[in-house]
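The values are calculated or read from the model by the stated rules, or taken from the named source; none is laboratory data. Bear in mind that the values here come from a model prediction, so they are computed numbers and not experimental data. Please note: Cβ atoms are built from the backbone with ideal geometry, for glycine as well, and neighbour counts cover all protein chains shown.
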């Protein structure tokens, strides 16, 4: 028995070394790629994280998934005298938002936070977003914890590769992402403008909305973090195209869950799926304009309230 | 649950069941292993611990269904004791206790697994499909078909006198609930497993290492081969109309590989895991896709279920030692029941009927036992004839798996029609070159290793002499699992049966 345990432990330790080396060696080799190794992506997280250094004490911080960075046009708010930064990233779930807030909330020091929430995002495991963060942001304890806590090998492998990428090759600091990729352009301040519409008429099967418990817990953690710092916030759900929206069987339930966490805004504006939407769950330029013009009233009111409280 | 909502089924189980390929099991197993061997001098305590660990393993999903297993176990235990205590003079009482137990167990199985299906079928036929007031919508307890059959075999064996009834309730509970094989087999017989719980086990280094090795191979088959195939297969089967015939054929072939990797992978993990506890389980798969005809395929596929049906249904019905008309009937019954065992859907029944049709000519011509040896024994490669036979058998299996995988018989038919009518409309669509590479390499590794080990006790048995070479091989497999698994948790297909 002792021999069995001793050799098993010895084997695991011995196997760990070639595992890590192979992960580094094969990490970025085309078909044999073992983890998320490419830093550049249409979500521009790499550029966005580097852009954070240019922003301090902003009026508003936008957080959330692609619905966030593709909707809240920072240029529009700036033109209305509101300084802001959009820290959204692709498929970002509250688990990743927590990591980002831990790393950047104090340096951005916002007066107000707009937290974009979406039913589909709240039901995800967040692995796609986790690997996006791991490869694109300087590794932190919180990011490491996120990778290991996910229990997902893709996240753990990406974390291993990120060590090599950042600590040994120093690629992250030397890498510069193109600010235009295909139809997507990064706008300083975190917004991404998509200039091509890819709307398809589809029939979505009716479905019950659910929320992953770990996402709800992470969302509560994020909100507690804001409350501790005395930063007021608003949960915002950006509307989907009618064809997707009508497939949600129990959106009322989702709304109730969000409302229980604080101020929550979900407003359906009169929009045409084919005109105002880029695809089923992302607004297109006319839709973005409509949305922001409507939203700024609420945002200004919220900022005024903060001013009056002071 | 609708038959083919694999993705929903997966999501349902991902956060609830302690799967072999989960972090929870990775923590659970070493703890149970350590405590189990610390108790090796106290058989009763060790068995009690096996029962507790097994109930914890199962109760992780839903503790309420523990009552069901406990009830099934108690019924079979009492039935066995009563059958034996009434003695051979009271044949009626013996039959009463046997059939009482069979009926109770089948009733439970029937209510949980088949009631809604038959109610819906009845409503479709006579009530215009309005079955809402008839349906119970019960959750199907995981592994119910497996442990029910295992419990039933005990009382039948006691009735037949092939085993003496046990007086050790703990050992019997351990026999029915032993966690490695509780939820997806192999379906053990009391004659082989129960005595192992009635006597002290000794830790054997070689057996434990062999168990670890078999588990590693099972994880590779499940997490790399089966799960990689599943991504492609699910995509195609979800929208078969969107793809050409070559893609549909490729998806059917990959599902054939997926279901083998998934289920035989589970069996390897279960058997290997049991070896760590000094328990020997029966082999469940013996390289079925290297079969030269369908009869050989059925001797090598899900062996524990096939032999269960053979011993407890087919042979009591007269088997093949009856007139030809009766042989046809017996064969049809056995395959249809086997199909229905897999799930409450007509596609499974049709799958059983399809295999019966392939099997019947062989049995009627007396050729069903033609290939009892291992293919190409003593040779490295098969002959052209053997290769042709294996490919034909594989193709026949592929066509059967389309029925098994489709949501309905109509969908399976449409799938086949679309597949053959557009077979030459271009090359198959691949999700990505990386996925194609992973699937190709993984399937190639599996095929070569299993071919080399086709005459061994299990498919990862033969190993190099030098330790460093063995460890290099294990490390390579671990790397492939860690680097190329699809996600860390994808439930096993056979859990739903």
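Here are some residues: B:174, B:184, B:251. Which one is assigned by TED's automatic domain parsing to the domain that holds residue B:266 and either in a loop (DSSP other than H, G, I, E, B) or modelled with pLDDT of 90 or more (or both)?
Numbers: B:174 fails: assigned by TED's automatic domain parsing to the domain that holds residue B:266; B:184 fails: assigned by TED's automatic domain parsing to the domain that holds residue B:266.
So the residue among B:174, B:184, B:251 that is assigned by TED's automatic domain parsing to the domain that holds residue B:266 and either in a loop (DSSP other than H, G, I, E, B) or modelled with pLDDT of 90 or more (or both) is B:251.
Which is part of a helix (DSSP H, G or I) and either away from chain B (no Cβ under 14 Å) or touching a helix residue (DSSP H, G or I) at 6+ places or on another chain (Cβ under 7 Å) (or both), of A:76, A:85, A:62?
Residue meeting the stated conditions: A:76.
Residue-level check: of (1) in contact with a helix residue (DSSP H, G or I) (Cβ under 6 Å, 6 or more places away or on another chain); (2) at pLDDT below 95; (3) assigned to a helix (DSSP H, G or I), residue A:271 misses just (3). Selection of helices (runs of 4 or more DSSP H) fully inside region B:275-370 by the criterion of at least 1 residues being in contact with a strand residue (DSSP E or B) (Cβ under 9 Å, 6 or more places away or on another chain), modelled with pLDDT of 95 or more and surrounded by 18 or more Cβ atoms within 10 Å (Cβ to Cβ) returns nothing. Determine whether region B:437-458 contains at least one residue that is within 14 Å of chain A (Cβ to nearest Cβ), at pLDDT below 90 and within 21 Å of the chain's Cα centre (by Cα). So far as region B:437-458 goes, no, none of its residues is within 14 Å of chain A (Cβ to nearest Cβ), at pLDDT below 90 and within 21 Å of the chain's Cα centre (by Cα). The condition of being within 15 Å of the chain's Cα centre (by Cα), within 14 Å of another protein chain (Cβ to nearest Cβ) and either crowded, with 21+ Cβ neighbours inside 10 Å or without any contact (Cβ under 8 Å) to a residue 12 or more places away in the chain (or both) holds for only one of A:155, A:130, that being A:130. Residue B:425 passes every criterion in (1) farther than 27 Å from residue A:151 by Cβ; (2) more than 14 Å from chain A (Cβ to nearest Cβ); (3) surrounded by 13 or more Cβ atoms within 10 Å (Cβ to Cβ) apart from (3). Among residues of region A:208-228 that are over 23 Å from residue A:108 (Cβ atoms), those with a Cβ under 6 angstrom from a residue that is not in a helix (DSSP H, G or I), sequence gap 6+ or separate chain, pair up as A:208/A:249; A:208/A:250; A:209/A:248; A:209/A:250; A:210/A:123; A:212/A:123. When B:158, B:142 are screened for being within 29 Å of residue B:57 (Cβ to Cβ), modelled with pLDDT under 85, surrounded by 14 or more Cβ atoms within 10 Å (Cβ to Cβ) and assigned by TED's automatic domain parsing to the domain that holds residue B:79, only B:142 passes.
Output the number of the condition that residue B:252 fails; it satisfies all remaining conditions of (1) within 14 Å of chain A (Cβ to nearest Cβ); (2) within 25 Å of residue B:285 (Cα to Cα). Only one criterion is unmet by residue B:252, namely (1).
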